[in-house]
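The values are calculated or read from the model by the stated rules, or taken from the named source; none is laboratory data. What you see is a predicted model, and the numbers here were worked out from it, not measured in a lab. Counting neighbours? That spans all protein chains shown, and the Cβs are built from the backbone with ideal geometry, glycine included. For accessibility, only protein heavy atoms count, side chains too; no ligands or nucleic acids. Shrake-Rupley method; radii C 1.70, N 1.55, O 1.52, S 1.80 Å.
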Amino acid sequence: MIFKYMIDLDSSILRYPDVNGQTPLHVACCSKFITSNTVQIIVDGWKEATNKANRIKQGLPIHCLCENLELERKLSLMYCA
């Protein structure tokens, strides 16, 4: 996985938020393509990311994950099938 390789080379890339204060963990948690493996790679690279609030709603990455409607849809399909 290219993403893991990049983090292994320089984990400091996880510490740079975008203009909205979103860290890579925020972005991953908001993505409709999120996987638990991706989240784990980011958290392993920078554990403090779980406590960083963004500038949008002062939301933590877990809030992005909870608001991820695509993830909710995937889970409901998985458990209701």
May I ask you to verify whether Ser11 is among the hydroxyl-bearing types (Ser, Thr, Tyr) and modelled with pLDDT of 90 or more?
yes
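What's the total number of residues in the stretch 15-54 that are small (Gly, Ala, Ser) and more than 10 Å from the chain's Cα centre (by Cα)?
The first filter runs over the stretch 15-54 and keeps only residues small (Gly, Ala, Ser), leaving 21, 28, 31, 36, 45, 49, 53.
From what's left, more than 10 Å from the chain's Cα centre (by Cα): 21, 45, 53.
Looking only at that region, the number is 3.
For the stretch 1-60, list the helices (runs of 4 or more DSSP H) that sit wholly inside it and hold at least 1 residues that are open to solvent by 70 Å² or more (accessible area, probe 1.4 Å) and touching a Lys or Arg at 6+ places or on another chain (Cβ under 6 Å); which are they? Please lay out each step first, then the result.
Numbers: elements: 2-9, 24-30, 36-45.
Fully inside the stretch 1-60 and qualifying: nothing.
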